[in-house]
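Asker: My structure is below; once you've seen it, I'll send some questions.
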Amino acid sequence: MDYFGAPYPKADPAPIYVGATHVPTPVGQACIYCGKSILAGDNGFMIPFQGKDVALTIEPWHRLCFLESTFGPELLKIVREQGEEEFGESIY
Ligand SMILES: [Zn+2]
């Protein structure tokens, strides 16, 4: 999986970044999850996406949107707080 922005945490990136390729931030493209435009300085992943009768594409997904889709909003709040406390940087 490719990622854009900074890995997290910066000093010792999570396993999802091991072997992943850093790509330029896809500024202006819409996040596949929230639909908001990717901005310079955003962090996230490039995710293969294929809908019914739609060709395979690689779409940007904000890191927080990706985590929210995995953990749900309540657990994501806890993950954010613990991550920021443990690593001293925002998981954004
Ligand atoms: Zn998003």
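The values are calculated or read from the model by the stated rules, or taken from the named source; none is laboratory data. Keep in mind the model is a prediction, meaning the values are calculated, not measured. Note that each Cβ is placed from the backbone with ideal geometry, even for glycine, and that neighbours are counted across all protein chains shown.
Asker: Where residues in segment 22-56 are more than 26 Å from Pro73 (Cα to Cα) and loosely packed, with under 10 Cβ neighbours inside 10 Å, which of them is nearest to the ligand (Cβ to nearest atom)?
Answerer: Going through segment 22-56, the residues more than 26 Å from Pro73 (Cα to Cα) turn out to be 22-24, 52-56.
Narrowing the set further to residues that are loosely packed, with under 10 Cβ neighbours inside 10 Å leaves 24, 52-56.
Numbers: Pro24: 18, Lys52: 22, Asp53: 24, Val54: 19, Ala55: 22, Leu56: 20 Å.
For segment 22-56, the residue satisfying everything is Pro24.
Asker: Which of the residues spanning segment 1-21 are assigned to a loop (DSSP other than H, G, I, E, B) and either of a type in the set (Lys, Arg) or surrounded by 15 or more Cβ atoms within 10 Å (Cβ to Cβ) (or both)? Explain how you work it out, then say what you get.
Answerer: Within segment 1-21, the subset assigned to a loop (DSSP other than H, G, I, E, B) is 1, 5-14, 18-20.
The answer is Gly5, Ala6, Pro7, Tyr8, Pro9, Lys10, Ala20.
Asker: Let me ask another. I need the full set of residues from segment 3-21 which are in contact (Cβ under 8 Å) with a residue 40 or more places away in the chain and either within 16 Å of the ligand (Cβ to nearest atom) or aliphatic (A, V, I, L, M) (or both), in order please. Lay out the reasoning, then the answer.
Answerer: Keep residues of segment 3-21 that are in contact (Cβ under 8 Å) with a residue 40 or more places away in the chain, which gives 3-5, 8-11.
Scanning segment 3-21 gives Tyr3, Phe4, Gly5, Tyr8, Ala11.
Asker: Just one of the numbered conditions (1) of a type outside the set (D, E, K, R); (2) in a helix (DSSP H, G or I); (3) surrounded by 14 or more Cβ atoms within 10 Å (Cβ to Cβ) is not true of Gln82; which one?
Answerer: (3)
Asker: Out of Gly41, Gly51, Gly35, which single residue is out of contact with any strand residue (DSSP E or B) (no Cβ under 7 Å at 6 or more places or on another chain), at pLDDT 95 or above and more than 15 Å from Tyr92 (Cβ to Cβ)? It would help to see each step written out before you state the result.
Answerer: Details: Gly41 fails: more than 15 Å from Tyr92 (Cβ to Cβ); Gly51 fails: at pLDDT 95 or above.
Only one candidate passes the filter, namely Gly35.
Asker: Could I ask something else about it? Give the residues of segment 24-79 that are aliphatic (A, V, I, L, M), part of a loop (DSSP other than H, G, I, E, B) and closer than 16 Å to Ala6 by Cβ, sorted by residue number.
Answerer: In the first step, residues of segment 24-79 are kept if they are aliphatic (A, V, I, L, M); the result is 27, 30, 32, 38-40, 46-47, 54-56, 58, 64, 67, 75-76, 78-79.
Within this subset, residues satisfying the condition of being part of a loop (DSSP other than H, G, I, E, B) are 27, 32, 38-40, 54-56.
Residues satisfying the conditions are Val27, Ile38, Leu39, Ala40.
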